[in-house]
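J.: Just dropping this structure here.
The values are calculated or read from the model by the stated rules, or taken from the named source; none is laboratory data. Quantities reported herein were computed from a predicted structural model and do not represent experimental measurements. No Cβ is skipped: glycine too gets one built from the backbone with ideal geometry, and neighbour counts run over all protein chains shown. Accessible surface is based on the protein model in full, side chains and every heavy atom, while ligands, DNA and RNA are left aside. Shrake-Rupley method; radii C 1.70, N 1.55, O 1.52, S 1.80 Å.
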Amino acid sequence: MDAFHNVFHVSQLRKCLSDQDIVVPKLPSDLGTNLTLEIRPVRIVDRMEKAMRRKTIQLVKVVWDCNGQEQVTWETEARMKANFKEWYGQFSMETILGSDSRTNPSQVGETCHVPESG
């Protein structure tokens with residue numbers, strides 16, 4: 001029996017009987033001809049430096065608009081600057097993190113609580 005593969009035979013298939021009608025969701029209006037959606041960056045919520053052996057990579061956490069739903073991903077800063085020049089140009093470090101966000105980019109988005117002096 002070791003010579004046989006563990007697959008099923010067509011005779012084991014049964015017809016699917018379902019009482020529910022299949023409802024196809026409404027197609028998005030901005031659906032491309034190749035059935036892809038264009039996603040747009042909305043805002044940058046965090047920054048991080050990822051240290052490799054010989055170099056560091058600047059990463060940004062981007063919120064994307066995907067047909068009305070928001071998704072968040074880490075992207076390289078160089079890629080965002082190259083692909084979205086005008087959009088990325090409107091952001092600065094204070095705009096992204098706020099003037100008093102206390103976020104340390106080298107700590108993967110964790111907040112650092114610095115004691116107030118005075």
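J.: So who's got an amide H within less than 5 Å of the one on CYS66, skipping anything under 5 residues away but keeping other chains? H placed 1.01 Å off N, in plane.
T.: Hits under the 5 Å cutoff: GLN71.
J.: Now for a separate question. Give me a comma-separated list of calculated 3J(HN,Hα) values for segment 60-74, in order, Karplus coefficients 6.51, -1.76, 1.60 applied at θ = phi - 60°, integers in Hz, x for any Gly or Pro.
T.: Per residue, the Karplus-derived 3J(HN,Hα) values read 10, 9, 10, 9, 9, 9, 10, 6, x, 9, 9, 10, 10, 9, 8 Hz.
J.: Reachable lysines from LYS61, Cα under 24 Å, same-chain residues fewer than 8 places away excluded?
T.: Counting by Cα, and skipping residues close in sequence, LYS61 has these lysines nearby: LYS50, LYS81, LYS85.
J.: If DNA, RNA and ligands are ignored and the probe is 1.4 Å, what is the ranking of VAL42, VAL60, VAL7, VAL72 by accessible area, most exposed first?
T.: VAL7, VAL72, VAL42, VAL60
J.: I want to check the label-to-label distance for ALA3 and LYS81. Put each point 7 Å from Cα in the C-beta direction and report it in nm to one decimal.
T.: According to this spin-label approximation, the distance is 6.5 nm.
J.: Taking Cα centroids, how far is segment 1-31 from segment 56-71 in Å?
T.: If we compute the Cα centre of each part, the gap is 34 Å.
J.: Amide H neighbours of ARG47 under 5 Å, at least 5 residues apart or on other chains, H built in the peptide plane: list them.
T.: Long-range HN contacts for ARG47: LYS61.
J.: For CYS16, CYS66, write out the residues from largest to smallest accessible area, computed with a 1.4 angstrom probe and no ligands counted.
T.: Working: CYS16 115, CYS66 20 Å².
If we order CYS16, CYS66 from most to least accessible, we get CYS16, CYS66.
J.: Run the 1.4 Å probe and let me know the accessible area of ASP21, rounded to the nearest 10 Å².
T.: Surface open to solvent at ASP21 totals about 140 Å².
J.: Just reorder LEU59, LEU17 by solvent-accessible area, largest first, 1.4 Å probe, all chains present.
T.: Details: LEU59 25, LEU17 150 Å².
Ranked from most to least accessible, the order is LEU17, LEU59.
J.: Follow-up question, since we're still on this one. Any chance you could run the full-extension gain for LEU31 through GLN12? It's 0.36 nm times the residue separation minus the Cα-Cα distance, nm to one decimal. Could you put the intermediate results ahead of the total?
T.: Working: separation 19, 0.36 × 19 = 6.84 nm, distance 3.93 nm.
Full extension from LEU31 to GLN12 adds 2.9 nm.
J.: Hey, another quick one. Taking θ = phi - 60°, what integer Hz values does the Karplus form 6.51 cos²θ - 1.76 cosθ + 1.60 yield along segment 25-32, in sequence order, with x for Gly and Pro?
T.: With the stated coefficients, segment 25-32 comes to x, 5, 6, x, 5, 9, 6, x Hz.
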